[in-house]
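K.L.:
Dumping the structure here so I can ask a few things about it.
Read-outs throughout are calculated quantities, based only on the coordinates presented, and are distinct from any laboratory measurement. Small disclaimer: the values here were computed from a predicted structure and weren't measured. All Cβ positions, glycine included, derive from the backbone under ideal geometry; neighbour counts span all protein chains shown.
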Amino acid sequence: MIRLHNLERSYPLGRGQLFYVLRDIDLDIAEGGFVSIMGPSGAGKSTLLHILGMHDHGWTGEYFFEETAMHQLKPNARGTLRNEQIGFVFQQYNLLPALTAAENAAVPLLIAGEYRTKAVRTAKDLLTEVGLEPRMNAYPSQLSGGQQQRVAIARALIHQPRLMVCDEPTAALDAQSGQTVMQLLKRVGVQPDRALIIVTHDSRVYGFGDRIVHMSDGRIERVEEMEAAAA
Ligand SMILES: Nc1ncnc2c1ncn2[C@@H]1O[C@H](COP(=O)(O)OP(=O)(O)OP(=O)(O)O)[C@@H](O)[C@H]1O
Ligand SMILES: [Mg+2]
């Protein structure tokens, strides 16, 4: 489903020098795959995730998303593909404070042009599935961290994206809520025709993926294949 070849990302350091944040990245991700990206702070994990999620355009190399050659698309064509095909979950939830849980979860459908009543109805079904039925009309400030992250997960999934990318989705949560969120991600995010990619520092997340990509200093050090993934 995804193929990266010789992907690089650098920033100018001045005097014509470049600072390489990602180097020589080769990675294939299959449909149904659940990949965790781990590594020390500054290794390039978020940078790689933002490129995969079509949010960062300053890279070189090859990125195939199914048969689409991303490296040949203009940024606004990538933006269209991103809105249709990618779901994002961030460490800090990024919910809109003036919208209720149901309205927040409905946002990707509204962007896609769906009618508001239908979008909110779909969002409510999904929030029920993530265990938030009693809190659907609450505002983010009235929800716990774990509840907000479940709203964010519903929002990321609502338009049925092919790829879901999550940057440290459990980092702001206590152990119990983190576990709930990971189980939820696995239950709703892993589907035969989709891929799920999670960046994490958190060794508690370790058992969840079917592959772990270990990064350091902007490179993939090794890819660890997991046995039948833990529940
Ligand atoms: N806009 C930028 N300009 C210059 N360097 C940058 C920029 N954005 C990120 N970097 C550098 O890129 C490197 C990788 O950053 P990235 O955010 O991908 O790390 P990370 O692995 O996600 O780290 P963490 O675990 O702390 O989130 C870091 O050294 C960072 O300082
Ligand atoms: Mg990061």
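K.L.:
When the stretch 37-73 is examined, which residues are found to be assigned to a loop (DSSP other than H, G, I, E, B) and within 9 Å of ligand 2 (Cβ to nearest atom)?
P.N.:
So the first thing to find is which residues in the stretch 37-73 are assigned to a loop (DSSP other than H, G, I, E, B), and the list is 39-44, 53-58, 66-67, 73.
Scanning the stretch 37-73 gives Ser41, Gly42, Ala43, Gly44.
K.L.:
Next up: So for the stretch 63-86 (the condition being within 15 Å of ligand 1 (Cβ to nearest atom), over 18 Å from Gly209 (Cβ atoms), surrounded by fewer than 21 Cβ atoms within 10 Å (Cβ to Cβ) and among the β-branched types (Val, Ile, Thr)), does at least one residue qualify? I'd like the intermediate steps shown before the answer.
P.N.:
Going through the stretch 63-86, the residues within 15 Å of ligand 1 (Cβ to nearest atom) turn out to be none.
No, the stretch 63-86 contains no residue that is within 15 Å of ligand 1 (Cβ to nearest atom), over 18 Å from Gly209 (Cβ atoms), surrounded by fewer than 21 Cβ atoms within 10 Å (Cβ to Cβ) and among the β-branched types (Val, Ile, Thr).
K.L.:
Scan the stretch 26-36 for residues that are of a type in the set (Val, Ile, Thr) and within 16 Å of ligand 2 (Cβ to nearest atom) and jot them down.
P.N.:
Taking the stretch 26-36 as the starting set, the residues that turn out to be of a type in the set (Val, Ile, Thr) are 29, 35.
If the condition is that a residue be of a type in the set (Val, Ile, Thr) and within 16 Å of ligand 2 (Cβ to nearest atom), then Val35 is the only one that fits.
K.L.:
Cβ-Cβ below 8 Å, separation at least six or inter-chain, first residue in the stretch 127-143 and touching a residue at least 24 places away in the same chain (Cβ under 8 Å), second exposed (fewer than 12 other Cβ atoms within 10 Å of the Cβ) and outside any helix (DSSP H, G or I): which pairs?
P.N.:
Within 8 Å, the pairs are Tyr139/Pro97; Tyr139/Ala98; Pro140/Pro97; Ser141/Pro97.
K.L.:
Just need a number here: residues in the stretch 10-24 that are in contact (Cβ under 8 Å) with a residue 60 or more places away in the chain and over 19 Å from Cys166 (Cα atoms).
P.N.:
Narrowing the stretch 10-24 to residues in contact (Cβ under 8 Å) with a residue 60 or more places away in the chain: 20-24.
Those left that are additionally over 19 Å from Cys166 (Cα atoms): 20-21, 23-24.
Within the stretch 10-24, residues that are in contact (Cβ under 8 Å) with a residue 60 or more places away in the chain and over 19 Å from Cys166 (Cα atoms) number 4.
K.L.:
Among the residues of the stretch 66-108, how many are among the β-branched types (Val, Ile, Thr), farther than 17 Å from Pro169 by Cβ and touching a strand residue (DSSP E or B) at 6+ places or on another chain (Cβ under 6 Å)?
P.N.:
Initially, the stretch 66-108 is screened for residues among the β-branched types (Val, Ile, Thr), giving 68, 80, 86, 89, 100, 107.
Checking which are farther than 17 Å from Pro169 by Cβ leaves us with 68, 80, 100, 107.
With the extra rule that they be touching a strand residue (DSSP E or B) at 6+ places or on another chain (Cβ under 6 Å), the set shrinks to none.
Of the residues in that region, 0 qualify.
K.L.:
Could you tell me whether the stretch 89-106 includes any residue that is farther than 20 Å from Ala138 by Cβ and of a type in the set (A, V, I, L, M, F, W, C)?
P.N.:
Restricting attention to the stretch 89-106, the residues satisfying the condition of being farther than 20 Å from Ala138 by Cβ are 91.
This time we only want the ones that are of a type in the set (A, V, I, L, M, F, W, C), so: none.
No, the stretch 89-106 has no match at all.
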